[in-house]
Amino acid sequence: MRTRWTVRAADRIAAACIVIGGVGTILAVSAVFLFLASVVVPLLAPGDAEPAGAIANPAANRVLHFGVDEYRVAGWSLSADGTVRAFRLDTGEVVASRALVPADSITVTALDLESGTLAVGRRDATVLLARIGFATDFPAVESLPAAVRALETGAVLADGDGVVQRTNDGSFRRQRLKVSIDAVAPALSASPARALDVVGGESSYVLAVVAENDSLILSRLGTVENAFTGEVSLSVERSAVALSASGERVERVLVAEGGTVVYAVSAGGAATVLDVRNLQTPRVVASAELVETGTSVTAMAPLIGRSTVIVGASDGSVSTWFRYGLSGADSSALSCSRRYPGDGTPIVSVAASRRQRVFIAAERGGRVRVLQATSGKQVIDFTLDDGPIEAVAFAPKNDGMLVLTEKRLHGYALDLKHPEATLSSLFAPVQYEGYARAEYVWQSSAGTDDFEPKLGLWPLIFGTLKATFYSLLFGVPLALLGAIFTSEFVSPSMRPRIKTLIESMASLPSVVLGFLAALVIAPFVQRVVPSVMAGFITIPAVLLGCAYLSQMLPSQTARRVSRYRLLLLLAVLPVAVGAAGALGPWMERVFFGGNMMSWLAGRQGGAFGGWLVLLLPFGAGAVIFALARLTAEPVRDLATRSTRARIASVDLARFVIGGVATIGLAALAAGLLSAAGTDPRGGLMGTYVQRNALVVGFVMGFAIIPIIYTIAEDALSAVPQHLRAASLGAGATPWQTAHRIVLPAAMSGLFSAVMIGLGRAVGETMIVLMAAGNTPVLEMNIFNGFRTLSANIAVELPEAVRNSTHYRTLFLAALILFLMTFAINTVAEIVRLRFRKRSAQL
């Protein structure tokens, strides 16, 4: 018989479509992986520094401070002669100058980068408070000279006392030097200042001054403007502290933490930290050696936020220090969070960014490094061969850097890329600012500019695994046992209806399930936690007890009611729930001190009740194993020579004895663990949070039940019917047939069902987001919440578009989810093939 050409053509077309579909699927999955990888890989790339020109040193004398405008077209410098100069960054042409203080009157200076406040200590012991910067305006075209109007886009030209640049939209932007004197603090001591630091605000200042007579003067200044006369008055609160750092002379002082803390540091690195919230009674709260023995402090500056201090040493090393509180004590300690080794050349200047937690460390020999304080990443490292370096500074937008040598001022264009991200900062514990030790933390955003991003992914990975574990713990047994029951014990007429009903559960959207979990189930469970815990005991016990009692029915009656087995189980379920409702309050009174919430919080009660609840499943497993080993042979022998009723009575007695033995064994183990001083609180149990893993496991278990049930039931139904017939014909019971014949033959399909359910649980977003509390914590506590990778991506991706590092970190989370799911599916396929091979051999 010849096959028609249309059939052959259809076969070829179908085969081609299948091949194209398979190859297309593989290519699509590969493309997703490549896309995620292409977004994530740049996270770990170092930054770039491109030279942007060099100009002659614009100051006639030694430069004390310098800066640049945010568009990097003009710069300013304060020299030792007290003159402030504004100059073009491309040519070095000085466009404006102003005498801030008389020549040779400056003894020491300090600049607060965040507020722009400059403190100048003078020989008469007074301190001048000023602000230096640039004022930006957009002049009308007709007011500009012809040479300026003829500028090309991006070109720069000096115009009077300012620098004008033509922008991309054709307008003109002008930068003018702005110097304002805010106040002059009266003489704070009898001798001039040797070291000082300042923290400025809109109308208040905190000054710390080390005088030549070795006294430390702390002062808080405030300016008040009279609303009627416009006169500005200055209020001064001061105190003097006789202080030396470990017997050494204090050479540096730094005001930190918003003006509440002062660091006094000697040349040898001995630091004393004072709490100056009460200025009249400052007290020492911490002390430490900031540099290695045999080295000295050569540079010091605060990081953004002024809680972390950057310390440069004479051996070229750089370290970052911050203060953290000691629990149970009204004091604190200093911690070195990062130490960057040097090459032996002294650090001459450190400069912090005003936008990120990065800073520049410059060595006298010409080496310049840009370092990240949290991740420890060396973002940029190069050597400038132009003589000794004197100072460095960041551009306001972090897109540029200035390096001052004895001869020239060098400009660099910076691309820092993603300094916060390293493999260690993403996957290893990090000691964040204010933390006593390294921890896994995820906190990607906050409401302040000085916030320290915490990008540890382990809390999110842990939350994903925790949600998956509890949902599988609830859903897999129900789904597999339901599939076995439907396939092997339900009448053929009821099977399609049950399967259709369970499969329809998959149509429930995750948002609906999450909404129900958050607003209905979670509040209800919180009110009846003891009864819920009792339900894990009473529901299996009542259902199993009824099953053992049903065995005592006569054979004919049992056959008649077998078709109504499911309805009978549903009728018994309210009894089990009612028993849980009655048992829960009793358990709460006896084992948990009358209030389970207080017990979980650790405020009352012993550990016995918690251990008893946790150990009941293990006790049941041990008792079942022991009874099977000890009574299997006697019961089998009894079955050959006894009636159905007698065997049923023996089985019921075994069940009752096993239940009593389970409770006794669990109670014995719980007593021993309690006597040993262990407590489950802080582990699997702990403080109760309304949206927790128990609720998520329950609701997400329902979300994965349909897919596991459907695949498992299909695998069981695919087992050839003649295997069942042969087993039943050999005298096996339906349960023995299902347990020993059908399950091994369908094991590959059952495993695939569980793995697909696992993949579904790993990728779940909305249920976890709405019902888990969305808190990234590393706790197995079933009564606490968590945050997963998928939920984090869903919540933070819209906001992360504005933050490139955060955006790419979320893509890294997506890549991890992708790889986890791919690994799960690969393992499932390998195991499925092995089980299929074993089944074929059988």
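Against the test of being modelled with pLDDT under 85 and not charged (D, E, K, R), the options LEU460, LEU426 yield a single qualifying residue, LEU460. Going through (1) touching a residue at least 60 places away in the same chain (Cβ under 8 Å); (2) open to solvent by 40 Å² or more (accessible area, probe 1.4 Å); (3) touching a helix residue (DSSP H, G or I) at 6+ places or on another chain (Cβ under 9 Å) one by one, MET533 falls short only on (2). Residue by residue through the stretch 25-45, note down the ones that are of a type outside the set (A, V, I, L, M, F, W, C) and surrounded by fewer than 12 Cβ atoms within 10 Å (Cβ to Cβ). THR25, SER30, SER38, listed by residue number. Listed conditions (1) out of contact with any strand residue (DSSP E or B) (no Cβ under 9 Å at 6 or more places or on another chain); (2) of a type outside the set (Val, Ile, Thr); (3) part of a strand (DSSP E or B) are all met by ALA361, apart from (1).
Being open to solvent by less than 60 Å² (accessible area, probe 1.4 Å) and more than 23 Å from VAL696 (Cβ to Cβ) is a description that applies to VAL572.
Looking at VAL262, is it of a type in the set (A, V, I, L, M, F, W, C), at pLDDT 85 or above, buried (at least 16 other Cβ atoms within 10 Å of the Cβ) and part of a strand (DSSP E or B)? When the stated conditions are applied, VAL262 passes them.
Screening the stretch 53-89 for residues that are part of a loop (DSSP other than H, G, I, E, B) and surrounded by fewer than 17 Cβ atoms within 10 Å (Cβ to Cβ) and picking the one that is modelled with the highest pLDDT gives GLU70. Of the listed requirements (1) part of a strand (DSSP E or B); (2) modelled with pLDDT under 85, GLU50 misses just one: (2). Of all positions in the stretch 190-202, none carries a residue that is within 30 Å of LEU290 (Cβ to Cβ), in a strand (DSSP E or B), hydroxyl-bearing (Ser, Thr, Tyr) and at pLDDT below 85.
Considering only residues in the stretch 160-171 that are surrounded by 12 or more Cβ atoms within 10 Å (Cβ to Cβ) and free of Cβ contacts under 8 Å to residues at least 40 places away in the same chain, the one that is nearest to LEU221 (Cα to Cα) turns out to be VAL164.
Restricting attention to the stretch 172-188, does a residue exist that is touching a residue at least 12 places away in the same chain (Cβ under 8 Å), farther than 23 Å from PHE394 by Cβ, open to solvent by less than 20 Å² (accessible area, probe 1.4 Å) and not aliphatic (A, V, I, L, M)? There is at least one residue in the stretch 172-188 that is touching a residue at least 12 places away in the same chain (Cβ under 8 Å), farther than 23 Å from PHE394 by Cβ, open to solvent by less than 20 Å² (accessible area, probe 1.4 Å) and not aliphatic (A, V, I, L, M).
Suppose we keep only residues that are part of a loop (DSSP other than H, G, I, E, B) and crowded, with 19+ Cβ neighbours inside 10 Å within the stretch 96-107. Which one would you say is nearest to the chain's Cα centre (by Cα)? Lay out the reasoning, then the answer.
Step one: filter the stretch 96-107 for residues part of a loop (DSSP other than H, G, I, E, B), giving 100-105.
Next, from what is left, pick out any that are crowded, with 19+ Cβ neighbours inside 10 Å: 100-101.
Details: LEU100: 48, VAL101: 50 Å.
It comes out as LEU100.
Screening the stretch 479-501 for residues that are open to solvent by 20 Å² or more (accessible area, probe 1.4 Å) and not in a helix (DSSP H, G or I) and picking the one that is nearest to ALA712 (Cα to Cα) gives PHE489.
With part of a strand (DSSP E or B) and either closer than 26 Å to PHE394 by Cβ or out of contact with any His (no Cβ under 9 Å at 6 or more places or on another chain) (or both) as the only criterion, which of VAL291, VAL255 stands out?
VAL255
Among residues that are outside any loop (DSSP other than H, G, I, E, B) and out of contact with any strand residue (DSSP E or B) (no Cβ under 8 Å at 6 or more places or on another chain), PHE451 is not included.
Condition check ((1) buried (at least 17 other Cβ atoms within 10 Å of the Cβ); (2) within 22 Å of GLY535 (Cα to Cα); (3) in contact with a helix residue (DSSP H, G or I) (Cβ under 8 Å, 6 or more places away or on another chain)) across all residues:
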| position | (1), (2), (3) |
| --- | --- |
| LEU568 | no, yes, yes |
| ALA607 | yes, yes, yes |
| TRP611 | yes, yes, yes |
| LEU638 | no, no, yes |
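Figure legend. Inter-residue proximity from the stretch 593-617: first residues farther than 12 Å from GLY686 by Cβ and among the polar types (S, T, N, Q), second residues in a helix (DSSP H, G or I) and open to solvent by 40 Å² or more (accessible area, probe 1.4 Å), beta-carbon distance below 9 Å, spacing 6+ or different chains. Indicated pairs: ASN595/GLU588. For the stretch 425-446, taking the residues that are free of Cβ contacts under 8 Å to residues at least 24 places away in the same chain and within 30 Å of VAL695 (Cβ to Cβ), the one that is surrounded by the fewest Cβ atoms within 10 Å (Cβ to Cβ) is identified as ALA446. Being open to solvent by 20 Å² or more (accessible area, probe 1.4 Å) and without any contact (Cβ under 8 Å) to a residue 24 or more places away in the chain holds for only one residue in GLU93, GLU114, GLU142, and it is GLU142.
The values are calculated or read from the model by the stated rules, or taken from the named source; none is laboratory data. Nothing here was measured: the structure is a model prediction, and the numbers come from that model. Cβ sites come from the backbone with ideal geometry, for glycine too, and all protein chains shown count toward neighbours. To get the accessible areas, we keep the full protein, side chains included, count just its heavy atoms, and leave off ligands, DNA and RNA. Shrake-Rupley method; radii C 1.70, N 1.55, O 1.52, S 1.80 Å.
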